[in-house]
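Worksheet: one structure, shown below.
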Ligand SMILES: [Fe+2]
Ligand SMILES: [Fe+2]
């Protein structure tokens with residue numbers, strides 16, 4: 001999907017440069033999968049493309065600035081940190097892009113809250129949540145780096161915490177498409 005009037009190349013390059021020092025083997029493919037699903041969601045649900053595509057590229061950049069062990073416990077400790085740090089970084093990365101001040105604020109906000117699942121309620125928050133979640137179980141685009149018990153925990157919590165929060169018709173459709181294969185190939 002092409003975004004009218006918005007060239008995503010700059011934000012893509014900036015995001016990838018930062019993500020290359022994020023979670024090894026995960027942050028780049030997961031982010032590209034998240035962007036892919038965001039475009040699919042936008043095609044089905046409509047929405048502010050530039051805001052949501054930028055937020056999808058930037059949502060996990062904070063992991064590059066967070067100290068953590070690359071396992072389940074480590075990543076969960078890093079969760080809050082990665083949102084706050086990512087939001088601060090995002091503000092600087094989008095300043096010269098053709099976005100209004102309101103759009104820039106919204107991108108920073110989305111990065112700052114994207115993993116606070118209980119707080120998500122606006123259309124933009126829900127769409128980023130759905131794209132991020134789909135990008136976590138898209139085994140073809142981003143193979144999980146969790147193994148053994150961590151992988152079991154991930155799948156269990158995804159089902160408990162993320163699945164019931166899918167709200168858009170497109171999101172639910174894509175989830176139903178990905179989940180059976182994800183469950184099978186991840187286990
Ligand atoms: Fe995240
Ligand atoms: Fe993510």
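Quick one: 41, 155, fewest Cβ neighbours within 10 Å first, how do they rank? All intermediate terms of the calculation are to be shown ahead of the outcome.
Working: 41 24, 155 18.
Exposure proxy ranking, most exposed first: 155, 41.
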Item to check | Sequence of 95, 79 once ranked by neighbouring C-beta atoms within 10 Å, starting from the fewest | outcome: 95, 79
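Just rank 122, 145, 34, fewest to most, by other beta-carbon atoms within 10 angstrom.
Details: 122 13, 145 18, 34 28.
The most exposed by this proxy come first: 122, 145, 34.
Report the calculated FRET efficiency for residue 184 and residue 91 (r = Cβ-Cβ distance, R0 = 41 Å), to the nearest 0.05.
On the way: r = 41 Å, r/R0 = 0.99.
The calculated FRET efficiency here is 0.50.
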Checklist entry - Over what distance in Å are the Cα centres of segment 1-73 and segment 112-153 separated? => result 12 Å
Checklist entry - What spacing in nm lies between the two simple spin-label points modelled at residue 80 and residue 177, each 7 Å away from Cα in the Cβ direction? => result 3.7 nm
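Using 0.36 nm per residue, how much length does the chain from residue 169 to residue 21 gain when fully extended, once their Cα-Cα distance is taken away?
On the way: separation 148, 0.36 × 148 = 53.28 nm, distance 3.50 nm.
Extending this stretch completely gives an extra 49.8 nm.
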Checklist entry - Any idea how far apart residue 139 and residue 105 come out in nm if each label point goes 7 Å out from Cα toward Cβ? => result 4.4 nm
Item to check | the chain: translational diffusion in µm²/s, Stokes-Einstein, Kirkwood Rh over Cα pairs, 4 °C, 1.567 mPa s | outcome: 79 µm²/s
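Rounded, prolate or oblate for segment 32-122? Axes are the square roots of the Cα gyration tensor eigenvalues, ordered a ≥ b ≥ c, and the cut-off for rounded is a/c under 1.5. Display every interim value, and only then the final one.
Numbers: a/c = 1.94, a/b = 1.45, b/c = 1.34.
It is prolate, given that a/c is not under 1.5 and a/b is the larger ratio.
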Item to check | Over segment 1-113, relative contact order from alpha-carbon pairs under 8 Å, at least 6 apart, % | outcome: 28 percent
Item to check | Modelled FRET efficiency - R0 41 Å, residue 7 with residue 118, Cβ distances, 0.05 increments | outcome: 0.70
Item to check | segment 94-167: equivalent-ellipsoid semi-axes (sqrt of 5 x gyration tensor eigenvalues, Cα, Å) | outcome: 28, 15, 10
Item to check | Relative contact order of segment 9-186, pairs being alpha-carbon contacts under 8 Å that are 6 or more residues apart, as % | outcome: 26 percent
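Here, each number is a calculation from the coordinates, and none is a lab measurement. Just so it is clear, the structure is predicted and the values come from calculations on it, not from any experiment. Reconstructed Cβ throughout: ideal geometry from the backbone, glycine too, with neighbour counts over all protein chains shown.
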